[in-house]
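The values are calculated or read from the model by the stated rules, or taken from the named source; none is laboratory data. As the structure is a computational prediction, the values presented were derived from the model and not from experiment. When we count neighbours, we look across all protein chains shown, and the Cβ atoms used for this are built from the backbone with ideal geometry, even at glycine. Please note that ligands, DNA and RNA were not included when accessible areas were found on the heavy atoms of the full protein model with its side chains. Shrake-Rupley method; radii C 1.70, N 1.55, O 1.52, S 1.80 Å.
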Amino acid sequence: MAFHSSPTSLADAALLERFFGPEAEDVWESCSGSWTRVIGLAREPHTPAWAALACSLEILQRSFAEELAARDVLDSPALVAPFLRTFFAGRPYEIFVALYLDARHHLIRAEEAFRGTLTQTSVYPREIVRRAIELHAAAVIFAHQHPSGACEPSTADEALTQILKAALALVDVSVLDHFVVAGNATVSFAASGRL
């Protein structure tokens with residue numbers, strides 16, 4: 001199949017030139033013109049060029065985290081969603097993430113708590129409570145992604161959120177939100193009245 005260069009595809013391939021040099025167009029074509037596929041491949045770097053791209057992605061994530069650490073995340077919902085989309089981008093399996101916050105709702109740490117399969121992740125409340133105490137967190141925001149692309153939370157997602165909320169309440173840690181991310185779409189439990 002011949003690669004038909006449109007102005008957009010040439011501009012996209014040009015962004016990859018810093019990493020891949022003259023092979024940038026071939027990389028873009030092999031990823032079917034999809035940034036999601038590019039990022040997915042960067043998650044598993046296998047050459048120096050892919051490793052450099054993975055480092056760029058990590059820098060972007062850390063930049064978002066730095067902004068969240070300096071502000072009350074409840075006053076900055078416009079920062080939380082892009083941070084989460086970047087965190088989950090290109091991952092073909094479910095990941096459950098916890099954002100641990102201090103008493104002023106500034107980010108202490110965002111970390112992958114559990115990793116699952118394409119359709120599910122096992123989450124252990126005891127480990128979340130232990131980590132919240134270890135980090136001296138006063139609040140937490142949860143997030144997980146649906147690699148299938150369906151952004152609507154399941155009844156299992158809602159039940160898990162209530163279990164985590166009850167477990168963390170025993171140690172005076174508030175659950176502020178739970179986000180479901182699917183591609184560029186996000187659903188907030190707090191905003192949709194599920195919390």
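Looking only at residues of the range 156-195 that are touching a Cys at 6+ places or on another chain (Cβ under 9 Å) and of a type outside the set (A, V, I, L, M), we find that the one that is farthest from Val38 (Cα to Cα) is Thr186. Can Glu25 be described as modelled with pLDDT under 75, surrounded by 13 or more Cβ atoms within 10 Å (Cβ to Cβ) and farther than 26 Å from Tyr93 by Cα? It is false that Glu25 is modelled with pLDDT under 75, surrounded by 13 or more Cβ atoms within 10 Å (Cβ to Cβ) and farther than 26 Å from Tyr93 by Cα.
Remark: pairs (first residue in the range 138-164, on the phi > 0 side of the Ramachandran plot; second residue among the aliphatic types (A, V, I, L, M); Cβ separation under 7 Å; 6+ apart in sequence or on different chains) = Gly149/Ala182. Within 25 Å of Glu66 (Cα to Cα), loosely packed, with under 12 Cβ neighbours inside 10 Å and of a type in the set (Lys, Arg) - does that describe any residue in the range 100-108? Yes, the conditions are met somewhere in the range 100-108. Here Phe189, Phe179 are screened, and the one residue that is closer than 20 Å to Ala81 by Cβ, open to solvent by less than 30 Å² (accessible area, probe 1.4 Å) and either of a type in the set (Val, Ile, Thr) or touching a residue at least 60 places away in the same chain (Cβ under 8 Å) (or both) is Phe179.
Does Ala139 satisfy the criteria of being open to solvent by less than 30 Å² (accessible area, probe 1.4 Å), under 12 Å from the mean Cα position of the chain (by Cα) and of a type outside the set (Val, Ile, Thr)? For Ala139, the condition - open to solvent by less than 30 Å² (accessible area, probe 1.4 Å), under 12 Å from the mean Cα position of the chain (by Cα) and of a type outside the set (Val, Ile, Thr) - is not met.
Is it the case, given these coordinates, that Val123 is part of a helix (DSSP H, G or I) and more than 25 Å from Glu67 (Cβ to Cβ)? Taking the combined requirement at face value, the residue does not satisfy it.
Give the residues of the range 77-135 that are within 22 Å of Glu58 (Cα to Cα) and of a type in the set (D, E, K, R), sorted by residue number. Arg85, Arg91, Glu94, Arg109, Glu111, Glu112, Arg115 - these are the residues of the range 77-135 that are within 22 Å of Glu58 (Cα to Cα) and of a type in the set (D, E, K, R).
Among the residues in the range 153-173, are any within 25 Å of Leu60 (Cβ to Cβ), under 19 Å from the mean Cα position of the chain (by Cα) and among the aliphatic types (A, V, I, L, M)? Taking every residue of the range 153-173 in turn, none turns out to be within 25 Å of Leu60 (Cβ to Cβ), under 19 Å from the mean Cα position of the chain (by Cα) and among the aliphatic types (A, V, I, L, M).
Assess whether Arg85 counts as being touching a Gly at 6+ places or on another chain (Cβ under 9 Å), closer than 24 Å to Thr155 by Cα and open to solvent by 40 Å² or more (accessible area, probe 1.4 Å). So Arg85 fits the description; yes. Scoring Pro147 on the criteria (1) part of a helix (DSSP H, G or I); (2) surrounded by 12 or more Cβ atoms within 10 Å (Cβ to Cβ) leaves a single failure, condition (1). Just one of the numbered conditions (1) part of a strand (DSSP E or B); (2) closer than 17 Å to Phe114 by Cα is not true of Ile163: (1).
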